[in-house]
Amino acid sequence: MEKLPGETKMASKKSEYTPNDFNQLAYEFAIRNPRVIELLGLSLDQSIAEELSSYGIYSKSIDFRDGQEIEILSLRELYLDYEHLTHIVHHPFSPYGEGTVEDPNTLEKINEYRGDKFLVHPNSKKPFFRKENELEAYRRINQLIESRGGKLQRLMDGTTFKHYDAIKIMGQTVYSLDPTRSSKKTIKSDISFVSEWIKPEKYLQLIPQYRSVLASL
């Protein structure tokens, strides 16, 4: 299978990000969508799980009962450690033991799992839908966000989201973030960009698409 750009040490700077990086980036946008925030704060049931799925949020997990794997509704595998989600009671847990370590002194098992940032395309569970070729998906995704001026880098390292959260969620001002006003333009640009990309029709483009095989018949 042909390797994707970003998966070798020889990758150029432009292609240093992997498909998983872009998926996590899409998750950062999704988790700031107002409707997603509202849904995550409600009591999870099938209808809410289905609506979350339309935003790419997969709210199911695996439980082991009588030696069998059973799919359950749960947010426990999601990363929800955000200031704007502190009102949600959340106990991250991986059914496969990820993040579980043993205290060398007491031999007690400690759960350090914080959840995963990962989106699942809404069409991926639908019948007669086929996943986009991974290499073609990467080439398409890699062109979606301009890398000049450090925009993509600021998104990937979280700087852009810190600006957005501080002003749009925490109620701070541009001046409180930068009294010198030297980065005022950049901060405002970051906020504007996130405000646009928290829409699912935008951020879902950052993960491989699923298209109906019937449409091509």
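Read-outs: derived from the displayed coordinates by stated rules, not from any lab. What you see is a predicted model, and the numbers here were worked out from it, not measured in a lab. We place every Cβ from the backbone using ideal geometry, glycine too, and count neighbours over all the protein chains shown.
Here are a few things to note about the model shown:
- Label-to-label distance for Gln143 and Val213 is 2.7 nm, based on points extended 7 Å past Cα in the beta-carbon direction.
- Cβ-defined net charge surrounding Glu132, 9 Å radius [Lys, Arg +1; Asp, Glu -1]: +2
- A simple count of charges around Val213, restricted to other residues whose Cβ falls under 13 Å of its Cβ and scoring Lys, Arg +1 and Asp, Glu -1, yields +3.
- Full extension of the segment from Asn111 to Glu201, taken as 0.36 nm per residue of separation minus the current Cα-Cα distance, would add 28.9 nm.
- Phi-based couplings in Hz for the stretch 141-146 (Karplus 6.51, -1.76, 1.60; Gly and Pro marked x): 5, 5, 9, 6, 10, 4
- Every Cα-Cα pair of the chain was included, and the share exceeding 30 Å stands at 34 percent.
- The H on the amide N of Asp116, modeled in the peptide plane, is under 5 Å from the matching H of Leu78, Tyr79, each at least 5 residues off or on a different chain.
- Computed from the C-beta positions of Phe128 and Ile88, the FRET efficiency with R₀ = 45 Å rounds to 0.80.
- If the chain linking Glu69 and Arg35 were pulled fully straight, counting 0.36 nm for each residue of separation and taking away their Cα-Cα distance, it would gain 9.2 nm.
- Remark: the Glu136-Lys168 segment gains 8.0 nm on full extension, using 0.36 nm per residue and subtracting the alpha carbon distance.
- In a DSSP loop and with at most 13 other Cβ atoms within 10 Å, the trypsin sites (Lys or Arg not before Pro) in the stretch 130-183 are Arg181.
- Note on Thr100 and Leu44: the model spin-label points, each 7 Å out from Cα along the C-beta direction, lie 1.8 nm apart.
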